[in-house]
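What follows is a set of notes on a single structure, which appears directly below.
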């Protein structure tokens, strides 16, 4: 059952203007958490990070610095797969980011926090928050950071799989929690198609959208071995249940 | 083994698992399995709350699709939701077709052959972080003593979420819960890979992951992750010994 907090976040994201949805996500993230800035970096397969959005010019600069020196919150989230806390940017962060920390501090950032955008082993990117003053996140800010990371992970995946914004909003409200069968199906398709788990998950989602079906329903057919993927023909194959014949 | 010895063995086993680098999903799976062995119940499972307060399935005594679906349903309604929301145990709740307390959950549970449920909150210093759910195929009661014991086992397992902290830090607990739920997704992804590559069903796939993790003294989540990233191939997994993977203690 979606909590009140989750519903607030979903509505804020839904109300973000459609044509600039991804830009608004960062504004919503900063606003919801009451932090000074938020940015989303997407991980490409070649180890680079692409800036999806930044709520302020300073956040954009922080991401540019990170790309230049090759260290920072996105990189740390990527390598650890974990939440990154740097509540006192200069005092605490020299050891972790010897090149990045002093430069980031010069921009006026006092604390940085990174939340992984992940679905199991699928690492889509990082949601990074900055605050001008040093100090730990409050419990509520941490809760909101995790909620936003969870919602944005699924939104970004759905967007990459070709879903329309309205479909995504509906799906997020309808099913706030993860659907285990979708992840089992992604594992199976990654073996059938010889794909990474990320691409397999996208393939399953994309098939659901093109069929106008839910990902869970498509996934269930895959796990029950009624639906398979033929990578040579790039085709989905539906198997009739009892006689083994192929449709 | 006499019941008291079994309970003591379980407590020792749970405490023994609270070492550095333990795996929370593995520990909660052990808790679920021990509940079925110790109490007069037929299935057990654990749901944990996400940092935002949504309940999600993380471990159970049987990994069958039906049991998993019964837990997944409880993201929205059911004994776990009520138990988690109120922070109070639900004991000896008989399920009847005409009972409208849980209109989605009850028919599904009955269809799977369960006729009564119990649910105990997982508590950490006043904060409820999840629920332990016990199912019986027969209507019947759990004795007062059983209720205290089951709650005790749940409390011991829940302490694991605090890791090495002595105080409850909301931020650290959020990180832990988020990692636990993500671990469960990693395990599901790995189950799919093992199921497809070795042509077994999802509960057998889970048993193979767990057997391999125990035999090689590796964290369950790490074994699952290595499979998904391709560092470990499904063919390299140890075969589970028949009926052993949920019953044997570590080592």
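Since every read-out is calculated from the coordinates, none of them should be taken as a lab result. Because the structure is predicted, anything quoted here is derived from the model rather than measured. Neighbour counts run over all protein chains shown; Cβ positions are idealised from the backbone, glycine included.
Quick look at the numbers
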read-out: Ascending count of other beta-carbon atoms within 10 Å, so fewest first, for A:218, B:8, A:156; value: B:8, A:156, A:218
read-out: Ranking of A:84, A:197 by count of other Cβ atoms within 10 Å, fewest first; value: A:84, A:197
read-out: Highest-fluctuation residue, B:25, B:148, B:187 considered, GNM on chain B with Cα pairs under 10 Å; value: B:148
read-out: Relative contact order (percent, whole number), chain A, Cα cutoff 8 Å, 6+ residue spacing; value: 14 percent
read-out: Equivalent ellipsoid semi-axes, the range A:4-163, via Cα gyration tensor eigenvalues times 5, rooted, Å; value: 23, 17, 14
read-out: GNM result for chain B, Cα springs below 10 Å: residue of B:219, B:125, B:34 fluctuating most strongly; value: B:125
read-out: Cα-based shape type of the range A:179-238, given that a ≥ b ≥ c are square roots of the gyration tensor eigenvalues and the cut on a/c is 1.5; value: rounded
read-out: Order of B:115, A:170 - criterion: other Cβ atoms within 10 Å of each residue's Cβ, fewest first; value: A:170, B:115
read-out: Over the protein assembly as shown: helical MRE at 222 nm, DSSP H runs n ≥ 4 each giving -39500 (n - 2.57), nearest 500; value: -16000 deg cm²/dmol
read-out: Coarse-grained scattering of the range B:3-166 at q = 0.13, 0.20 Å⁻¹, given as base-10 log I(q)/I(0) from a Debye sum over alpha-carbon atoms; value: -0.56, -1.36
read-out: For the range A:70-181, alpha-carbon Rg relative to the globular expectation (2.2 N^0.38 Å, N residues); value: 1.20
read-out: Alpha-carbon centroid distance for the pair the range B:1-71 / the range A:35-76, whole angstrom; value: 40 Å
read-out: Calculated SAXS-style log₁₀ I(q)/I(0) at q = 0.10 Å⁻¹ - the protein assembly as shown, Debye, Cα scatterers; value: -0.79
read-out: Relative contact order computed over chain B (Cα-Cα under 8 Å; 6+ residues apart), in percent; value: 19 percent
